[in-house]
């Protein structure tokens, strides 16, 4: 499990907004330059369920399970490559049936499947965005707001 410390910037009955600063682990990530949280301030706001009744100003620890992160990594990096290779192989084998050049058919089928993988990923991501397993959560209050 990944954990990160942050400060509650706002709450309502069921949700809390936590301001975090990107850690060293985040900065060493290969996708750091393309991450949507990549900005000059290195701060980001994360919305989490307020299951521990934290209040604005509390310093909290949030967590993210690693298994869902590995699933997302597979989906974003490996799945498109698998479809690209499968499409290219399919195009190669279907070219003689259609009387076309195997290289061109392989290229077109591979690129089509590669593009299709991003459509599939987009649809799956819309479903996963509502799944609790793929969202960060509050672990504990590390320090109460100082009065």
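The values are calculated or read from the model by the stated rules, or taken from the named source; none is laboratory data. Treat the numbers as computed from the prediction; the structure is a model and nothing was measured. Quick reminder, even Gly has a Cβ in these numbers, built from the backbone with ideal geometry, and neighbours come from all protein chains shown.
Brief remarks on what is shown
- The condition of being in contact with a strand residue (DSSP E or B) (Cβ under 8 Å, 6 or more places away or on another chain) and loosely packed, with under 15 Cβ neighbours inside 10 Å holds for only one of 94, 69, that being 69.
- On inspection, residue 100 qualifies as out of contact with any helix residue (DSSP H, G or I) (no Cβ under 6 Å at 6 or more places or on another chain) and not assigned by TED's automatic domain parsing to the domain that holds residue 20.
- Members of the stretch 47-64 that are at pLDDT 90 or above, surrounded by 14 or more Cβ atoms within 10 Å (Cβ to Cβ) and either under 15 Å from the mean Cα position of the chain (by Cα) or within 22 Å of residue 121 (Cβ to Cβ) (or both): 63
- Residue that is at pLDDT below 90 and surrounded by fewer than 13 Cβ atoms within 10 Å (Cβ to Cβ), where the choices are 41, 103, 23, 37: 41
- Meets criteria (touching a residue at least 12 places away in the same chain (Cβ under 8 Å), closer than 30 Å to residue 139 by Cα and under 27 Å from the mean Cα position of the chain (by Cα)) for residue 69: yes
- Residue identified as surrounded by 12 or more Cβ atoms within 10 Å (Cβ to Cβ), assigned by TED's automatic domain parsing to the domain that holds residue 122, within 21 Å of the chain's Cα centre (by Cα) and modelled with pLDDT of 95 or more among 78, 82: 82
- Condition met for residue 116 (out of contact with any strand residue (DSSP E or B) (no Cβ under 7 Å at 6 or more places or on another chain), surrounded by 13 or more Cβ atoms within 10 Å (Cβ to Cβ) and either free of Cβ contacts under 8 Å to residues at least 24 places away in the same chain or under 23 Å from residue 62 (Cα atoms) (or both)): no
- Just one residue in the set 138, 76, 108 is closer than 29 Å to residue 20 by Cα and in contact with a helix residue (DSSP H, G or I) (Cβ under 8 Å, 6 or more places away or on another chain); that residue is 76.
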